[in-house]
């Protein structure tokens with residue numbers, strides 16, 4: 001999903017944005033972080049034998065959807081922290097759903113479809129959480145290191161101060177994804193955290209074929225899947241991810257709730 005550009009386009013971009021090299025580096029960090037999270041959430045079937053379970057009970061799906069929307073609105077100030085006692089109780093209940101329902105399992109993708117819409121819930125617990133953080137970091141590091149190399153190769157010959165500052169700012173980025181996800185505070189203080197990520201348009205073929213290694217119809221259903229020679233519009237879906245974390249009943253848990261909707265339909 002990363003936009004590819006030739007050396008001339010890179011040089012033009014460097015000229016246009018050279019006034020703020022630190023900001024340019026931060027923009028790339030945010031891009032790579034979002035893509036690393038996406039990959040770590042959706043690679044379970046390809047990497048860890050997760051299954052696509054397409055019979056998520058509609059009432060359960062709607063309950064999760066309503067609850068995460070309520071939790072999103074109840075977060076403390078401009079933080080991802082869930083501090084209100086009612087929100088904490090709702091978060092713990094959602095994280096514990098696989099322990100209270102025989103129909104729900106951790107690691108797998110539980111899917112409920114409606115025409116033009118898909119809701120996906122995935123739970124992780126214990127060692128699965130540890131693996132997620134390792135993969136999240138690995139995806140981020142791989143993307144950042146590759147970009148550093150490409151930028152050095154294409155711009156390193158330029159000795160102007162702003163370009164050198166930009167390259168140095170890229171080299172200085174060293175971020176632990178677990179810190180971004182507030183993992184230590186969650187475990188130490190038994191906090192409940194909800195973060196979100198959204199995109200007006202995400203390529204459904206990138207999500208299904210590349211990240212999950214499944215046919216699009218397996219993910220979104222045959223009625224909503226793009227054609228054999230899809231247009232850009234057919235491939236474009238609205239996407240929102242809710243990432244809920246906490247330590248209910250002494251075990252570290254995560255729940256990812258993903259909402260997908262064809263972009264030519266109205267948003268959620």
Determine, for 191, 164, the number of other Cβ atoms within 10 Å of each Cβ, and report the residues in order from fewest to most. 164, 191
Based on DSSP H runs of at least 4 residues, each adding -39500 (n - 2.57), what is the mean residue ellipticity at 222 nm of the chain after dividing by all its residues, to the nearest 500 deg cm²/dmol? -15000 deg cm²/dmol
Here, residue 51 and residue 79, labelled 7 Å along Cα→Cβ, have an inter-label distance in nm of 4.0
Just the Cα atoms of region 132-254, one point each, no solvent: what log10 I(q)/I(0) does Debye give at q = 0.09 Å⁻¹? -0.45
Rg from C-alpha atoms of region 54-158, normalised by the globular rule of thumb 2.2 N^0.38 Å, equals 1.49
Please report the antiparallel percentage of DSSP beta bridges with both residues in the chain, rounded to the nearest 5. 90
When the convex hull of its Cα atoms is projected in every direction, mean area for region 70-116 (nm²): 5.0
Using 0.36 nm per residue of separation minus the Cα-Cα distance, give me the extension gain between residue 218 and residue 102 in nm, one decimal. 39.5 nm
Need the full-extension length gain, residue 251 to residue 89, defined as separation in residues times 0.36 nm minus the C-alpha distance. One decimal, nm. 56.8 nm
Only residues of region 167-202 count here: report those whose backbone N is under 16 Å from the spot 7 Å along Cα→Cβ of residue 34, or say none. 195-202
Part-to-part distance (alpha-carbon centres) for region 42-116 and region 120-196, which is given in Å: 24
How much length would be gained if the chain were fully extended between residue 175 and residue 197, taking 0.36 nm per residue of separation minus their Cα-Cα distance, in nm to one decimal? 6.1 nm
Using Cβ contacts closer than 10 Å as the measure, can you line up 34, 254 from fewest to most? 34, 254
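Coordinate-derived values only; no laboratory data. Since we're looking at a predicted model, the values are computed, not measured. Cβ sites come from the backbone with ideal geometry, for glycine too, and all protein chains shown count toward neighbours.
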